[in-house]
Amino acid sequence: MKTGFMHRVNDITLDYYLFADGTEPSHMHYENDENYFRGYEWWLMREAKKRNPNITLIGLPWAFPGWVGHGKSWPYDFPDITAAYVVKWILGAKQYHDLDIRYVGIWNERNFDSKYIKLLRYTLDKSGLEGVRIIASDNLWQPITLSLLQDPELGEAVDVIGAHYPGTTTVKEALQTQKKLWSSEDYSSVNDEIGGGCWARILNQNYVNGFMTATISWNLVSSYYEDLPFGRDGLMTAEEPWSGHYEVAPPIWITAHTTQFAQPGWSYLQNVGHLAQGGTYVALTDGRGSLTVVIETMTHDHSVCIRPPLPPFNVTSQNATFQLKGSFASIKELQVWRSQFNFKTKKPSFFQKLTSLTLVGGSFTLSVAEDEDNFDVRTPPFSEAPNFADQTGVFEYYLNLTDPGAHSFTLRQVLTERPITWAADADQTISVIGDHQWQNMTVSCDVFMESVKTGGVFIAARVDKGGQSVRSTRGVFFWVFADGTYKVTNDLAGQTVLAEGQSGTRAYGWHTLTLTVEGPYASGLLNGYPLWKNAVVLAPPSGWAALGTHSFELAQFDNFAVLAE
């Protein structure tokens, strides 16, 4: 029996499988043998219940003893025997350990049998277990959903449709059944940073994309030798239980963003979805005015799960504005907790409490980023930000006292006069980042001009030169100016113009620029909306990403991000 527990939150159910990587002892080795103290699972469920009395327990058979099939490798030839075997396990859990099993499955990732499911429902009811719900079929969405639609009696027996590794999507027939939909096994990934990214993405997107109100992790703790199949595929690792040593891996911290802020009885709000520049958000409430919002902005390559394959998608840094309505409009303050993987710096920060958000008229804006270089450093070890290489001008960490919210820490160009130098310095300032061989990339950054009449800033891609050759630097430069115009040039000097027009940009206001260069074409977004597109870029073929200013002037940058090939 594959045992597990789940932290049920009304229509959201947060679940975790607990089991070994290998065999587990049965409560009935033989037909006349019953023992409800074998194995560690009873102890594990008891300990879980001590920590959370409201925890919900489930069971799913992975295998059956041979006597159930009377010598055949098939449990459905004698469905009454198989049903009795499962029901005795549920009764034993209550009788010997005071554990209430709330849900039970059919047979892990194997064929189901409609006759057996109906008989299991009958046997549960006859044994006084009317409150135990049936999950089916813990495999794919089909053919169970079609069977439920065609067989009303089967539909009465099944309470939850469970699919394994659904890739965050469902099928229309499953929605038509009006049953609860669960991702009844998911994750199954190594618990490094990418595994944490996988877990963060599917915890949100299983509901946003597929209306699944439960995501069950396979598995909770990797308490088995790493060289066995699926080594370190638990949310955390404790492969030396005899020593007491364990490792709290990234997926545990990601789990906390949901489980620490949603309690039993809470439910999803219908107003959930995708952010404009990638990523998703969900909202949960207790129905009494409390609210939790969970946002994820994981990029493709940093959120790949073991299975299924993940289609391509793009995520860039952005400002996300939320407007609370109805009973939530009176909320004045929200607490903020953040986890950042920081794949570039290799210095992740998990479950970090930030400054609380003050809401005005029920509205709040969060600066959310994907795998970004972040400037939120209160006491930096150096004045310069890591990974950036200033070529002309000086870019430093800056404590923005005029903006205590999303942009309280920024990167600022601080020189207002061109220096005296022997090198061929430019009239513009520029700082580059990344790999000189990057070809296709999306660069995004929040920008803030401080020169009212003459201000101008840019982000750039495929920047090919620096140092004493900076005057002749080429690339794709996306400029916006304080006079309300924009320009796209093929060079830092601004002589080769690819596109230009009105932008509406002004000084002393934050704007989000996004530049995408793919093959011979470049396009740009301003505050998430297309400003120009399909500018032809014949050269250079590759280069750095960059940011900078139109002249030696004060300007600020925040939430810089790049997704590159």
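Observations on the structure shown:
- Of the criteria (1) touching an Asp or Glu at 6+ places or on another chain (Cβ under 6 Å); (2) open to solvent by less than 30 Å² (accessible area, probe 1.4 Å); (3) farther than 28 Å from residue 186 by Cβ, which one residue 92 fails: (1)
- Counted as qualifying within region 262-324 are the strands (runs of 3 or more DSSP E) with 1 or more residues that are under 30 Å from residue 513 (Cα atoms) and charged (D, E, K, R), namely 291-296.
- Check on residue 76, at pLDDT 95 or above, open to solvent by less than 30 Å² (accessible area, probe 1.4 Å) and of a type in the set (Ser, Thr, Tyr): yes
- Inter-residue pairs, beta-carbon under 9 Å, first under 16 Å from residue 523 (Cα atoms) and open to solvent by less than 30 Å² (accessible area, probe 1.4 Å) and in region 499-513, second assigned to a strand (DSSP E or B) and acidic (Asp, Glu), 6+ apart: 512/446; 513/446
- Filtered residues of region 393-434 (kept if assigned to a loop (DSSP other than H, G, I, E, B) and open to solvent by 70 Å² or more (accessible area, probe 1.4 Å)): 401, 402, 404, 416, 417, 418, 420, 422, 427
- Residue 385 being over 26 Å from residue 316 (Cα atoms), among the small types (Gly, Ala, Ser) and in contact with a strand residue (DSSP E or B) (Cβ under 9 Å, 6 or more places away or on another chain): no
- Candidates 134, 90 - the one that is touching a Ser or Thr at 6+ places or on another chain (Cβ under 9 Å) and modelled with pLDDT of 95 or more: 90
- Test: residue in region 137-146 that is over 35 Å from the mean Cα position of the chain (by Cα), not aliphatic (A, V, I, L, M) and not in a helix (DSSP H, G or I): no
- Residue check, residue 521 open to solvent by 10 Å² or more (accessible area, probe 1.4 Å), over 16 Å from residue 316 (Cβ atoms), in contact with an Asp or Glu (Cβ under 8 Å, 6 or more places away or on another chain) and not acidic (Asp, Glu): no
- Search result, residues across region 123-136 that are in a strand (DSSP E or B) and open to solvent by less than 50 Å² (accessible area, probe 1.4 Å): 134, 135, 136
- Scanning region 83-112 for residues that are among the basic types (Lys, Arg) and part of a loop (DSSP other than H, G, I, E, B) turns up just one, 110.
Quick grid of which residues meet (1) small (Gly, Ala, Ser); (2) at pLDDT 95 or above:
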| position | (1), (2) |
| --- | --- |
| 464 | no, no |
| 469 | yes, no |
| 475 | yes, yes |
| 483 | no, yes |
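The values are calculated or read from the model by the stated rules, or taken from the named source; none is laboratory data. Predicted model, so just to flag it, every value in this text is computed and none were measured. Don't worry about glycine lacking a Cβ; one is built from the backbone with ideal geometry, like all the others, and counts go over all protein chains shown. Surface areas here come from the heavy atoms of the whole protein model, side chains and all, with no ligands, DNA or RNA. Shrake-Rupley method; radii C 1.70, N 1.55, O 1.52, S 1.80 Å.
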